Amino acid sequence: MVDQIARLPRTAASPFPGFSLDSVRRGAEAILIPVGALLATAIVFGLFVAAAGADPLETYSLMYRGAFGTWFSWQNTLQRTAPLLLTALCVALPAKLGLVIIGGEGALVMGGLVSAAVGAALIGAPPWLLLSLMALAGMAAGGAWIALAGALRQFRGVNETISSLLLAYIAIALMNHMVEGPLRDPASLNKPSTPPLGEANMIGSIPGLDVHWGLVFGLIACLAAYVLMQRTTFGFGARMVGGNVRAARMAGLSVTTLSMITCFLAGASAGLAGMVEVAAVHGSANASLVAGYGYTGILIAFIARQNPLAVIPVALMFGGIAASGGLLQRRLDLPDATILVLQGIAFVMILASDTLYGRFRIFQPRG
């Protein structure tokens, strides 16, 4: 027996602990396939733009200029990136448990509506206290909204994808009812809104930037989500549930508790995005809250492979795409919906690219 063991091939120890070629291959696959999907998106979108009578190369040049070409463009991009970071987490966190939640738009709207109501009720309080309570109320409302979809899945077996999407439509309808009825500011004639917060109660800009503090909130949330899911016992349990629910139950994990907490945290991030939109951009809750940030967050989370750190660069890219829409409309006379077409093509390509994982031998583990 000793001789047989001695004759077994020995594997050299890696000089870098935790490093292996297999991990490099997995990382390369996780990066190259989404990048390939985005390149395919660029080609298809270029054909679409050419069919619309515009030069694809000029279109991409203008998109770059509108997103990153000037300091003003950068600030506009960062401003639009802030809510995308938070709504993408609304999709990425439940995905760790195998839940496909696409109702971030509803959580954002509910967070904005409830935080605006709290802010209007506390006018006259110290700004720091008012904004803190608004943030807590927005996060609680958004968290409860997505937790409802999680509860329907855990206790009634309702598909969370369908329920979260339908809850988003309910949230928008509820917001419209409230701002046009019980919470309407009498002075808002042409555009029904809740009472304004006032300049003194608005979230200010980051020093040296014309970008509100929501960007910092989003970055901190992404970093915290990564630590939670990758460096804690809770995150390990969540990923175990996502890998194999039956094995997780046999190991003694409470799948229901993990799912409900994760759904609440996911909704809370989108609810915070709604609060920031109210307190940093609009000054009140109105129809402008329904800007599609929740739906774009779905695409960002899919491209980032539900990695909270990868969400940051992807959200920045889509923030730049959104920021360039106005320039395309002015210079090339393209409709405002052109950017939505680009996002739609990207979503289809990313979904199609999911079938490619595990199919290339170059990315397969050796041995």
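The values are calculated or read from the model by the stated rules, or taken from the named source; none is laboratory data. All values derive from a computational prediction rather than experimental measurement. Cβ atoms come from the backbone with ideal geometry, glycine included; neighbour counts cover every protein chain shown. Areas reflect the complete protein model, heavy atoms only, side chains present, ligands, DNA and RNA absent. Shrake-Rupley method; radii C 1.70, N 1.55, O 1.52, S 1.80 Å.
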Subject >> Relative contact order (percent, whole number), the stretch 233-367, Cα cutoff 8 Å, 6+ residue spacing >> reply: 12
**OP:** Name the residues whose placed amide hydrogens come within less than 5 Å of the amide hydrogen of Ser205, ignoring near sequence neighbours (fewer than 5 apart) on the same chain.
**Re:** none
Original post:
How much of the accessible area of the stretch 136-241, probe 1.4 Å, is carbon plus sulfur, in whole percent?
Top reply: 67
Subject >> Point-charge dipole on Cβ atoms (K/R +1, D/E -1) for the chain, about Cα centre, debye to 20 >> reply: 1340
Original post:
Say we join alpha carbon atoms closer than 10 Å with springs in a Gaussian network model of the chain; which of Ala287, Ala200, Ala266 then has the biggest fluctuation?
Top reply: Ala200
**OP:** Given the options Gly46, Gly243, Gly157, state which has the largest fluctuation in a GNM of the chain using a 10 Å cut-off (strictly under) for Cα springs.
**Re:** Gly157
Original post:
For the stretch 103-149, taking Cα atoms only, what is the radius of gyration to one decimal and the Dmax to the nearest whole Å?
Top reply: 11.0, 36
Original post:
For the chain, what is the relative contact order in percent, using Cα pairs closer than 8 Å and at least 6 residues apart in sequence?
Top reply: 34
Subject >> Degrees separating the helix 127-156 axis from the principal Cα axis of the chain, which is the longest one >> reply: 50
Subject >> Cα shape, the stretch 243-358, gyration tensor, a/c 1.5 rule >> reply: oblate
Original post:
Which of the listed residues, Phe45, Gly98, Leu84, is farthest toward the dipole's positive end in the chain, when Lys, Arg count +1 and Asp, Glu count -1 at the beta-carbon?
Top reply: Gly98
Subject >> Cβ-defined net charge surrounding Ala280, 15 Å radius [Lys, Arg +1; Asp, Glu -1] >> reply: -2
**OP:** Take the alpha-carbon centre of the stretch 56-123, take the same for the stretch 240-296, and report the distance between them in whole Å.
**Re:** 14
Original post:
Local charge sum around Val179 (other residues, Cβ-Cβ under 11 Å, Lys/Arg +1, Asp/Glu -1)?
Top reply: 0
**OP:** Identify, among Cys222, Ser288, Thr257, the residue whose Cα sits farthest towards the positive end of the charge dipole of the chain, taking +1 on the Cβ of Lys and Arg and -1 on the Cβ of Asp and Glu, with the dipole about the Cα centre.
**Re:** Thr257
Subject >> Cut-off of 10 Å, at most 16 other beta carbons, DSSP loop: longest stretch of the chain lacking such chymotrypsin sites (Phe, Trp or Tyr not before Pro) >> reply: 20-356
**OP:** Would you mind telling me which residue in Ala144, Ala337, Ala88 has the biggest mean-square fluctuation in a Gaussian network model of the chain, where springs connect alpha carbons within a distance under 10 angstrom?
**Re:** Ala337
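Mind checking the per residue accessible area of the stretch 232-367 for me, 1.4 Å probe, whole number of Å²?
On the way: 6040 Å² over 136 residues.
About 44 Å² of surface per residue is accessible.
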Subject >> the stretch 108-171, accessible area per residue, ligands and nucleic acids excluded (1.4 Å, Å²) >> reply: 44
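Tally Lys/Arg at +1 and Asp/Glu at -1 over every other residue whose Cβ is under 15 Å from the Cβ of Ala52; what's the total?
-3
From the Cα gyration tensor of the stretch 159-273, with a ≥ b ≥ c the square roots of its eigenvalues, which class applies: rounded if a/c is under 1.5, or else prolate if a/b is larger than b/c, or else oblate?
oblate
For the chain, report the % of Cα-Cα distances exceeding 27 Å.
I get 53 percent for the Cα pairs in the chain exceeding 27 Å.
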Original post:
Dividing the alpha-carbon radius of gyration of the stretch 45-188 by 2.2 N^0.38 Å (N being the number of residues), what value is obtained?
Top reply: 1.36
